[in-house]
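Below: one structure, written as structure tokens.
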Protein chains: 2
Amino acid sequence: MANTSEPKRTLAKVSETKLGITVKKSENFSEWFTQVCSESGAQLADVRYGVQGFVVHRPWAMRIARKIYDAFEAEVEADGHEPYLFPTAIPEENLMKEKKHAGFTPNVFWIDYAGSQKLERRIALRPTGEAQIYPMYALWIQSYKDLPWKGYQSRITVFRNEMTTRPFLRGREFMFFETHDVFRTHDDALLQIKKDMEIMERVVSEKMKIPFIFFKRPSWDKFLGADNSFCSDTLNPDGRRNQISSTHDLGQNFAKAFDIKFDDEKRTQSYGWQTCFGPGIWRLIAALIAIHGDDNGLILPVEFAPVQAVIIPILFAGKEESNARVLEACTFAQRVAQDAGLRTHIDLRSDTPGFKFNDWELKGVPLRIEIGPKDVEKKQAVIVRRTDKKKTQVEMKQLGKTLLEEARTVDVEISKRSQNYFKDNTRTAITLQETIQLIETSRGFIKIPWCSTADEGKKCEEIFSKETTGGVICGTPFENEETPKKGMNCVVCGKPAKHIVWVAKSI
Amino acid sequence: MANTSEPKRTLAKVSETKLGITVKKSENFSEWFTQVCSESGAQLADVRYGVQGFVVHRPWAMRIARKIYDAFEAEVEADGHEPYLFPTAIPEENLMKEKKHAGFTPNVFWIDYAGSQKLERRIALRPTGEAQIYPMYALWIQSYKDLPWKGYQSRITVFRNEMTTRPFLRGREFMFFETHDVFRTHDDALLQIKKDMEIMERVVSEKMKIPFIFFKRPSWDKFLGADNSFCSDTLNPDGRRNQISSTHDLGQNFAKAFDIKFDDEKRTQSYGWQTCFGPGIWRLIAALIAIHGDDNGLILPVEFAPVQAVIIPILFAGKEESNARVLEACTFAQRVAQDAGLRTHIDLRSDTPGFKFNDWELKGVPLRIEIGPKDVEKKQAVIVRRTDKKKTQVEMKQLGKTLLEEARTVDVEISKRSQNYFKDNTRTAITLQETIQLIETSRGFIKIPWCSTADEGKKCEEIFSKETTGGVICGTPFENEETPKKGMNCVVCGKPAKHIVWVAKSI
């Protein structure tokens, strides 16, 4: 927990806004999610921008996003990646070079005009970085000494013409983070996939307290141009899987298409082996909202909270002297909290304490410190945890230590809760009938026996998807894949099962 | 100086690259600048991307840019600004709403197609934020209590169809940073302009060691839609002015066009008064390169150097034991330097020390630490300053203290040098003849008597620009404007001078 400065203002002018969420998360998750993001909620996004699928992202979301970016940037740099920035524009011919990857074009936005002048060659808005980055890799990479080559771009946006859009879950322009690596051998590339998984574990599982499985996708659900795709899926409260990262084993496909070659010791040339990795920054914010939040709004893991402890002075009209003492105690408490390494904010707005409690609960600040005249007298403060709203009276001299303990408790609490939810909503089935019933009643992940995750299994998924009205095969876990027991058969075709696959409905 | 981790690698694979700059900065600045940016220089940008005016920005430039962004973000947040992120796309009708601002459209890139489908309403790629941000301000701002309203977006790119392009100086897509503020009164807005100037002074003048003047532009050179524009100009070594920031007094023009109104205490409605501020992130990097660099490459001010002290072990083939001791001493030196708060890197590449010296000099790292077997024996290290390449032998136990002193010396040196250059290249003239001669022989800024910076002075500038083959009126300093002496007349029309204006050629 770095001791960074507090936000100067309250991050949104809410004095005149009616705050609050009018539905229960458990009863109408979709509407709850919309309200949490909106003006009357945590004010994360504004959909009133006026271009379908393009959304304005507001300060509280940006501050959270920044912490997520910081975490991933630190991780990939520690793993040897260097930052770069490519243009938003991609020449059409580059997008077409890798034959399968060219499948992106139907979802691409095209620039045709500069002012009133028609461009000679139209330009695509980047849907993802491969087709822009790899032509440069072909120039930069010459020798085996240059490998492994590890680069990344961060805090950029990409564009895809999605049909249905939703803040943080699916947009036509969304925040992106992508690494692009080149190796001498396929084995080196496979090692990187494991490293990417470990980065996800450290950032998402350990720090964000979001459980997920790192799946190997079935072959019919690979990234366009990849030999294999590995994706992290977490589980929304409506039981739908939310894909929060992808790592692709690109083999030598792009290296051949873009001519990325290196000389080895004997000056013979080989094509590089490539991987790329992208955590979904907005999808991770969606997961934070969806998984940790409750009926009162967000609950943020301590490390990702822009304000970790908000201080609310309890003031009384006309009691100036007493109020001054309360404010003095608040300033003292802030200094103590900051010395303990916490990001703090004193809420000095003219609104009632109740309004402020509500506002900061909506925003998911892990700890609240209340100080009123009686607390000043008793040389104490009241700490309230966002999770269970338990009030604890603390002697001022114990404040720093207690705050850190309470912050830890919030993290442990949301971690336990999210892990339990994930575990409780992972079920098994061995027949299609059973699977359909589970998907309809309980949703979540279901582990089922399956014939094949290679292309020949695709037919079964088509049937499966129809029968389950939209169930998808997430794949098999990258690590600790289960083997089907003897006699287990594919729930669709009845052939002997080669895999236990995880299935779910998708967001 | 924060003690952040070192870059893991050497930021570019240069082993097989021929490094070096083949021209002198003083003899051919333009070619020098191109070479410094290129593959054989500091590897800042790559122009081989394949779409005219769209450039790839490489790790060393991105690391410097990040430090500049960090500095401005910290400043504007301390001044109460909140971060947000708007889409890259702007609806055409919004771009047209403020009549003068609509003048941007001839330079705008247009999205006409999504996949193969023609869009009903074409979308502009943002040339600047006003037309996308202010419609939302109209929704967000309701009451005088909401004011001042201060927001900003950072680490975004904007798009303009520039005719001639140059890395860091002028591009079709460039890194952007913009604040947008709304106030109750024009006086509040004017105060903000002064604050913006002070931010520029703290970041650019004090930290980056780049001198500049904060000008009030003549009325014919205002931002489209502004009542007044205030811009910072620094001076390139070729004597051309480089505009590195702009702050616009937007009056109520955009508030009226976009309906940004607030209720005051008596519930009567008024339009807000607006300002916006944008330091040019790429332009500032251009200034860092151009102003501080020398014939051997960049020289970075200590605070903006991704690596502040690079450690080069001097190793000898076959001397394994001795080499091990040298490497041990390097690791020790790194720890000492890091403890002193410096960002360090040990260069372990297999290249010769000479190659490494060259490489890090090109990149402008302020300090180099050399350690060889003799230094190990004497328990010392050699420190070399990037500025004058003076070698200092330092006892290991004095290393931390000495490094900080030497770093300071580098900063003082480049600061003095850039200030002297700025001062020595600011001249005065009182006739057109004299001005023409100065512009042709010495370039730089020239202070001249001028009739008027209001619209009626525009005719004189047209003549002035023709006579001086491209001289422009930069304006009058925002603070400490000089008054013309009695009897001084406009160098063009001969009418009594109302102002002493600064003129220069522009990049």
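Could you list, in sequence order, all residues of segment A:27-44 that are in contact with a helix residue (DSSP H, G or I) (Cβ under 7 Å, 6 or more places away or on another chain) and among the aromatic types (Phe, Trp, Tyr)?
Correct list: A:33 only.
When you go through B:371, B:414, B:383 one by one, which is the residue that is in contact with a His (Cβ under 6 Å, 6 or more places away or on another chain) and of a type outside the set (Lys, Arg)? Quick ask: steps written out before the conclusion?
Details: B:371 fails: in contact with a His (Cβ under 6 Å, 6 or more places away or on another chain); B:383 fails: in contact with a His (Cβ under 6 Å, 6 or more places away or on another chain).
After ruling out the rest, the residue left standing is B:414.
Could you please give the count of residues in segment B:66-101 that are surrounded by fewer than 20 Cβ atoms within 10 Å (Cβ to Cβ), among the charged types (D, E, K, R), more than 30 Å from residue A:137 (Cβ to Cβ) and more than 8 Å from every other protein chain (Cβ to nearest Cβ)?
Adding up the residues that qualify gives 7.
Would you pick out the residues in segment A:102-121 that are among the aromatic types (Phe, Trp, Tyr) and at the interface with another protein chain (Cβ under 7 Å from one of its Cβ atoms)?
The initial filter retains those residues of segment A:102-121 that are among the aromatic types (Phe, Trp, Tyr), namely A:104, A:109-110, A:113.
Across segment A:102-121, the qualifying residues are A:109, A:110, A:113.
Quick check on residue B:124: is it more than 7 Å from chain A (Cβ to nearest Cβ) and surrounded by 20 or more Cβ atoms within 10 Å (Cβ to Cβ)?
Working: more than 7 Å from chain A (Cβ to nearest Cβ): yes; surrounded by 20 or more Cβ atoms within 10 Å (Cβ to Cβ): yes.
Criteria met by residue B:124.
Yes/no matrix, rows are residues, columns are (1) over 30 Å from residue B:445 (Cα atoms); (2) out of contact with any Gly (no Cβ under 8 Å at 6 or more places or on another chain):
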| position | (1), (2) |
| --- | --- |
| B:141 | yes, no |
| B:157 | yes, yes |
| B:186 | yes, no |
| B:210 | no, yes |
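Tell me which residues, restricted to segment B:127-148, are in contact (Cβ under 8 Å) with a residue 40 or more places away in the chain, more than 26 Å from the chain's Cα centre (by Cα) and at the interface with chain A (Cβ under 8 Å from one of its Cβ atoms).
Within segment B:127-148, B:135, B:136, B:141, B:142, B:143, B:146 meet the criteria.
Would you check which residues across segment A:285-321 are surrounded by 24 or more Cβ atoms within 10 Å (Cβ to Cβ) and of a type in the set (Phe, Trp, Tyr) and list them?
A:304
Does segment A:416-438 hold any residues that are surrounded by 21 or more Cβ atoms within 10 Å (Cβ to Cβ) and within 16 Å of residue A:234 (Cα to Cα), and which are they? Walk me through how you get there before you give the answer.
Of segment A:416-438, the ones surrounded by 21 or more Cβ atoms within 10 Å (Cβ to Cβ) are A:418, A:435, A:438.
The answer is A:418, and nothing else.
Among the numbered conditions (1) over 27 Å from residue B:149 (Cβ atoms); (2) buried (at least 17 other Cβ atoms within 10 Å of the Cβ); (3) of a type in the set (Ser, Thr, Tyr), tell me where residue A:116 comes up short.
(2)
Looking at (1) in contact with a helix residue (DSSP H, G or I) (Cβ under 7 Å, 6 or more places away or on another chain); (2) facing chain B (nearest Cβ under 10 Å); (3) surrounded by fewer than 22 Cβ atoms within 10 Å (Cβ to Cβ), which is the only condition residue A:152 fails?
(3)
Report whether or not residue A:413 is surrounded by 18 or more Cβ atoms within 10 Å (Cβ to Cβ) and either closer than 19 Å to residue A:308 by Cβ or touching a residue at least 12 places away in the same chain (Cβ under 8 Å) (or both). Before the answer, list the steps.
Values: surrounded by 18 or more Cβ atoms within 10 Å (Cβ to Cβ): yes; either closer than 19 Å to residue A:308 by Cβ or touching a residue at least 12 places away in the same chain (Cβ under 8 Å) (or both): yes.
Yes: the conditions hold for residue A:413.
Failed condition for residue A:487, given (1) touching a residue at least 40 places away in the same chain (Cβ under 8 Å); (2) small (Gly, Ala, Ser); (3) loosely packed, with under 13 Cβ neighbours inside 10 Å, with all others met?
(1)
Being touching a residue at least 12 places away in the same chain (Cβ under 8 Å), in contact with a Pro (Cβ under 8 Å, 6 or more places away or on another chain), among the aliphatic types (A, V, I, L, M) and at the interface with another protein chain (Cβ under 9 Å from one of its Cβ atoms) is the filter here, so list the residues in segment A:52-65 that pass it. Quick ask: steps written out before the conclusion?
Looking only at segment A:52-65, we keep the residues that are touching a residue at least 12 places away in the same chain (Cβ under 8 Å), and these are A:52-55, A:57-61, A:63-65.
Then drop every residue that is not in contact with a Pro (Cβ under 8 Å, 6 or more places away or on another chain), which leaves A:54-55, A:59-60, A:63-64.
Now narrow it down to the ones that are among the aliphatic types (A, V, I, L, M): A:55, A:64.
Of everything in segment A:52-65, just one residue is touching a residue at least 12 places away in the same chain (Cβ under 8 Å), in contact with a Pro (Cβ under 8 Å, 6 or more places away or on another chain), among the aliphatic types (A, V, I, L, M) and at the interface with another protein chain (Cβ under 9 Å from one of its Cβ atoms), namely A:55.
Look at segment B:83-101 and say how many of its residues are of a type in the set (A, V, I, L, M, F, W, C) and touching a residue at least 60 places away in the same chain (Cβ under 8 Å).
Here is the first cut: in segment B:83-101, the residues of a type in the set (A, V, I, L, M, F, W, C) are B:85-86, B:89-90, B:95-96.
Now drop any that are not touching a residue at least 60 places away in the same chain (Cβ under 8 Å), which leaves B:85-86.
Qualifying residue count, segment B:83-101: 2.
Just to confirm my filter: which strands (runs of 3 or more DSSP E) fall fully inside segment B:329-440 and include at least 2 residues that are in contact with a Ser or Thr (Cβ under 7 Å, 6 or more places away or on another chain) and not assigned by TED's automatic domain parsing to the domain that holds residue B:318? Don't jump to the end; show me each part of the working.
Numbers: elements: B:344-346, B:367-371, B:380-385, B:391-395, B:426-428.
Passing ranges: none, list empty.
Taking residue A:174 as meeting all but one of (1) out of contact with any Ser or Thr (no Cβ under 8 Å at 6 or more places or on another chain); (2) touching a residue at least 60 places away in the same chain (Cβ under 8 Å), write down the number of the exception.
The failed condition is (1).
The values are calculated or read from the model by the stated rules, or taken from the named source; none is laboratory data. Fair warning: this is a prediction, and the values are worked out from it, not measured in the lab. Counting neighbours? That spans all protein chains shown, and the Cβs are built from the backbone with ideal geometry, glycine included.
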